[in-house]
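Here the structure is laid out as structure tokens; the discussion comes afterwards.
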């Protein structure tokens with residue numbers, strides 16, 4: 001047992017061989033089997049000698065500890081590790097989720113599609129897939145006339161942000177924009193804590209209008225059922241996820257069997273839209289003027305008049321204020337007219353006649 005105390009330590013069913021001998025400095029993996037046939041794997045048995053010396057060392061250790069040590073040839077070990085890595089990669093690549101394609105052409109069937117992803121591509125995988133779909137569609141569908149119209153649309157978008165832009169001076173920039181493919185995402189079911197962070201989104205071609213794509217009547221009808229009136233142009237994809245906008249993000253299946261007007265997610269979207277509309281109405285009502293008693297209205301008007309009188313007093317007594325207001329309003333009369341319009345506006349916003 002002296003060798004055990006010097007060269008190894010048994011902790012939680014794992015045996016660690018310490019570097020107590022000069023010849024131990026190369027990593028190998030061995031399998032240790034105890035009397036009870038309990039298998040324990042370690043990877044800290046090292047040697048700078050050949051595999052035969054390692055085997056002899058194992059025999060000595062086996063005799064001292066009264067256990068069986070089965071050595072593995074380095075090539076076998078390498079193949080085993082490689083197989084484990086490949087298996088892990090294969091398992092990761094098999095992650096999939098289902099989503100739905102609603103073609104623009106109503107004569108084409110709605111399809112259930114499956115997309116593979118990994119941990120690294122879980123977020124961008126669907127956007128990339130949609131972009132590839134729309135890019136291919138654009139290349140096949142653009143005749144010269146459509147391409148020119150698309151080009152004109154791109155130029156109009158650039159000039160809307162940069163009025164001085166001359167496409168004849170920078171044709172390469174226009175071509176660069178024309179070659180870009182962007183996918184627009186429209187939330188339908190908003191992830192919330194009360195719905196388990198469940199969300200459904202619409203993916204569509206951001207440049208579908210410029211490509212002269214037609215209205216997707218079926219996707220537009222679905223959006224309307226969800227309480228989100230939106231005219232969808234071109235092919236549309238629908239997908240589900242779980243997203244808390246922090247650390248949690250999962251791709252979820254949205255099979256074609258759940259793609260119907262009475263589906264749970266459609267009802268969730270409609271309820272969210274109704275709640276949002278009700279809140280907007282309530283907020284708008286809170287901003288509208290309130291009907292009050294005549295004496296209250298008179299008191300408020302007097303308060304506004306007092307505010308205007310104070311402003312005019314500052315104009316008369318403070319030369320700095322007077323200079324500033326004359327520059328802006330032309331004269332005391334002009335400043336007074338401005339103040340009177342302002343108090344009338346305040347009164348109308350606050351008091352319903």
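When the residues of region 196-224 are narrowed to those that are in contact with a helix residue (DSSP H, G or I) (Cβ under 7 Å, 6 or more places away or on another chain) and modelled with pLDDT under 95, which ends up nearest to residue 276 (Cα to Cα)? Going through the qualifying residues, I end up with 205.
For residues in region 172-196 being without any contact (Cβ under 8 Å) to a residue 40 or more places away in the chain and exposed (fewer than 11 other Cβ atoms within 10 Å of the Cβ), which is nearest to residue 128 (Cα to Cα)? Checked region 172-196; the qualifying residue nearest to residue 128 (Cα to Cα) is 179.
Quick grid of which residues meet (1) over 48 Å from the mean Cα position of the chain (by Cα); (2) over 22 Å from residue 201 (Cβ atoms); (3) touching a residue at least 12 places away in the same chain (Cβ under 8 Å):
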site	(1), (2), (3)
256	no, no, yes
260	no, no, no
274	no, no, yes
295	yes, yes, no
322	yes, yes, no
327	yes, yes, no
344	no, yes, no
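Among the residues of region 223-236, the one identified as surrounded by fewer than 15 Cβ atoms within 10 Å (Cβ to Cβ) and in contact (Cβ under 8 Å) with a residue 12 or more places away in the chain is 231.
There is no residue in region 156-171 that is surrounded by 13 or more Cβ atoms within 10 Å (Cβ to Cβ), in contact (Cβ under 8 Å) with a residue 40 or more places away in the chain and assigned by TED's automatic domain parsing to the domain that holds residue 245. The single condition from (1) free of Cβ contacts under 8 Å to residues at least 24 places away in the same chain; (2) closer than 20 Å to residue 108 by Cβ that residue 216 fails is (1).
The values are calculated or read from the model by the stated rules, or taken from the named source; none is laboratory data. Keep in mind that what you see is a predicted model, and the values were worked out from it rather than measured. Glycine also receives a Cβ, built like all others from the backbone with ideal geometry; neighbour counts cover every protein chain displayed.
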